[in-house]
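The values are calculated or read from the model by the stated rules, or taken from the named source; none is laboratory data. Note that the coordinates shown come from a computational prediction; the quantities given were computed from them, not determined experimentally. Every residue, glycine among them, receives a Cβ derived from its backbone with ideal geometry; neighbour counts consider all protein chains shown.
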Amino acid sequence: MKLQCDVEVVNRMLPTYGIKNRGKGVRAVLSIGRLVDKTTECNNIYLMICTANDRAGSKYKLKENIETFFTRFVAEGEATVILKESALDICLSFRLTLTAWLPHSLPLSTLTPARARDVEKPKKKLTIVSKKDYPLTSTFPNSLEPLQPRELINLKLEDNKLVWLPFRIGHLSKLRFLSATHNQLAMLPGDFRKLTLENLDLFGNPFVHPNPLDHTIQLCISSLTLCYW
């Protein structure tokens, strides 16, 4: 059984020596399995925590070693295992229901080290500047953060046969560079006046008026390219 989550191992004895715990979890893979205890030569059940810096994993005996298992906040993705030996607290942060990961009965296999891809920090951003950056042989990572339109700075809409720009384009408060060349734009939306652009390129559009930036639209633009048919 394996679970990908953030883990923080807290030593309860450190504060007595005036030492603070790190206070931050790291990406890890948790496994529960069987392992032969070298001292007793008995087959025991262990919890193994593998991280990017320790793929072989740190092992903690579970049988008769769990003092408390706090599951009050499991629904929120938080749980803590308090071990008797070594005075350790293992704090878990995960994205699935822990009861689904810990069924009542399941055969336990031998513990094995984690793979590199299992302990890598999930990608939250993906930058594509050329064709080779596009994930052709795989899908986009599920961990990518959703696009926040209000954070958009540079918007390129060239050669898309657009007949109008979005009416709520003014909500892009951080937009500084806009290029909408070679489309079918006849006018600009009234919401356009809310933008604070540094560069605007509208070349190759059949605007109704020679200057689509009329008196109702006041912009602070340092570079402007306009062309009408």
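Within the range 74-88, residues that are in the same structural domain as residue 7 (by TED's automatic domain parsing) and within 13 Å of residue 60 (Cβ to Cβ) reach partners that are among the charged types (D, E, K, R) and surrounded by 14 or more Cβ atoms within 10 Å (Cβ to Cβ) with beta carbons closer than 9 Å, at six or more positions or on different chains, in the pairs 81/89; 82/89; 83/61; 83/89; 85/61. Against the conditions (1) within 17 Å of residue 109 (Cβ to Cβ); (2) surrounded by 14 or more Cβ atoms within 10 Å (Cβ to Cβ), residue 43 satisfies every one except (2).
Per-residue answers, yes or no, for (1) surrounded by 13 or more Cβ atoms within 10 Å (Cβ to Cβ); (2) modelled with pLDDT under 90; (3) not in a loop (DSSP other than H, G, I, E, B):
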| site | (1), (2), (3) |
| --- | --- |
| 72 | no, yes, no |
| 75 | no, yes, yes |
| 90 | yes, yes, yes |
| 113 | yes, yes, no |
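When you look at residue 16, is it among the hydroxyl-bearing types (Ser, Thr, Tyr) and either in contact with a Leu (Cβ under 9 Å, 6 or more places away or on another chain) or part of a strand (DSSP E or B) (or both), yes or no? No, not satisfied.
Which of (1) surrounded by 12 or more Cβ atoms within 10 Å (Cβ to Cβ); (2) modelled with pLDDT of 80 or more; (3) over 30 Å from residue 185 (Cα atoms) is the odd one out, the single condition residue 156 does not satisfy? Evaluating residue 156 over (1) surrounded by 12 or more Cβ atoms within 10 Å (Cβ to Cβ); (2) modelled with pLDDT of 80 or more; (3) over 30 Å from residue 185 (Cα atoms) leaves (3) as the failure.
Determine, yes or no, whether residue 59 is under 25 Å from residue 69 (Cβ atoms) and loosely packed, with under 11 Cβ neighbours inside 10 Å. Even if it seems obvious, please write down each step before you answer.
Numbers: under 25 Å from residue 69 (Cβ atoms): yes; loosely packed, with under 11 Cβ neighbours inside 10 Å: no.
In short, no.
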